[in-house]
Structures are given as C-alpha cells and as structure tokens.
1. Taking the inverse of the average 1/r across all pairs of different Cα atoms in the range 71-153, what Kirkwood radius in Å do you get?
2. At a threshold of 8 angstrom on Cα-Cα distance, excluding pairs fewer than six apart, so keeping six or more, what relative contact order does the chain reach in percent?
3. Given the -39500 (n - 2.57) contribution per DSSP H run of 4+ residues, what per-residue ellipticity at 222 nm results for the chain, rounded to the nearest 500 deg cm²/dmol?
4. Compute the orientation-averaged projected area for the range 1-137 from the convex hull of its Cα atoms and round it to one decimal in nm².
5. Which aspartates and glutamates have a Cα lying under 15 Å from the Cα of Lys32, excluding residues fewer than 8 positions away in the same chain?
6. Please work out the C-alpha center-to-center distance from the range 97-153 to the range 66-86 and express it in whole Å.
7. Can you give the angle from 0 to 90° between the axis of helix 59-78 and the longest principal axis of the chain, with both taken from C-alpha atoms, to the nearest 10?
8. In a shell of Cβ-Cβ distance under 12 Å around Asp131, excluding Asp131 itself, what net charge do Lys and Arg (+1) and Asp and Glu (-1) give?
Amino acid sequence: MNSLDINQIKEYLPHRYPMLLVDRVLSWENGKTITAIKNVTANEEFFNGHFPNKPVMPGVLMIEAMAQTAAILSFLTMGQKPDENTIVYFLGIDGARFKRPVEPGDQLKMEVEIIKVARGIWKYKARATVDGQLAVEGELMCTMRTKDEAKEG
C-alpha cells in the first residue's frame with residue numbers, strides 16, 4: 001500500500017505549520033486518486049478566533065487541505081518532487097458545498113480524484129469526510145509554474 005508520513009509529505013509541499021494541512025497520505029494511485037488525512041486539534045491557531053465559544057474549522061481551510069492533497073497527487077503522478085522554484089497555484093473551485101462542521105478532535109479524510117489534465121491545468125473532484133459523513137466537496141483547479149514564469153504572468 002502506498003502511504004506517506006508527515007516528513008515525506010514535506011518533500012512534496014512547501015507549506016509548513018500552521019499552513020501545512022495534510023498529516024498523512026493513506027494511499028494513492030498514480031494518475032487517478034489519493035486519500036489523505038488532517039487531524040484537527042484544539043490547539044490549531046485558527047480556533048482562537050473561529051469561534052472561541054464553538055470552535056469550527058474554517059471552510060476555506062478545508063478547501064485548502066483538499067488542494068494540498070491534490071498537489072501531492074499531481075507530483076506523485078508526474079514522478080517528481082517540487083524544487084524551490086516550483087509554485088502550485090490554486091486556480092478555482094466549482095460546486096463547493098459544506099455539509100458538516102469540522103471541530104477539534106475530528107479527523108478530516110480527503111479523497112481527491114484527477115478528472116482531467118490539459119494545457120498545464122489540473123482538474124480534480126475532491127471531497128472530505130469526518131467519520132464517513134460528508135463535510136465538504138467540490139471540483140478544484142490548479143496549475144504549476146516556476147517562480148520565473150510567475151513573474152512574467
């Protein structure tokens with residue numbers, strides 16, 4: 001079974017605490033799907049303000065966790081690790097729906113599937129669940145550029 005621990009994940013993502021939102025990759029199939037988890041803990045910085053009396057993980061961070069999972073799948077599929085020049089840009093999300101709040105103690109399980117890759121744009125179907133209940137879903141779009149390309153565009 002293909003899996004990645006947090007140290008291996010850091011080889012595929014430039015994000016670091018508090019923005020690294022993937023704790024473990026459970027499995028993947030090159031060019032097809034990936035399943036990963038984010039352990040949501042009470043000491044996450046965003047819970048200080050969202051919300052102090054009823055902590056809920058912000059929806060935008062759930063989307064970001066799915067996008068990071070998608071980026072890992074893309075690099076695994078290409079058979080390469082990003083270098084310090086590589087930037088993955090989140091281009092958009094379609095059909096985002098939030099179905100369940102995510103709270104401290106929950107484990108967010110992200111499942112991402114590649115729908116299409118064309119002209120350097122990757123499109124994915126993504127969903128995240130907690131205890132088998134759908135928390136968020138949507139279609140994500142990303143692209144990869146070098147820092148030099150990013151300056152030109």
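Read-outs throughout are calculated quantities, based only on the coordinates presented, and are distinct from any laboratory measurement. This one's a predicted model, so the numbers in the text were calculated from it and none came from an experiment. Cβ sites come from the backbone with ideal geometry, for glycine too, and all protein chains shown count toward neighbours.
1. Here the Kirkwood hydrodynamic radius works out to 14.3 Å.
2. Reported relative contact order: 24 percent.
3. -6000 deg cm²/dmol
4. One quarter of the hull surface, i.e. the mean projection, equals 8.4 nm².
5. Within the straight-line limit of under 15 Å, Lys32 reaches these aspartates and glutamates: Glu111, Glu113, Glu139.
6. Between the Cα centres of the range 97-153 and the range 66-86 lies a distance of 13 Å.
7. Helix 59-78 sits at roughly 30 degrees to that axis.
8. 0
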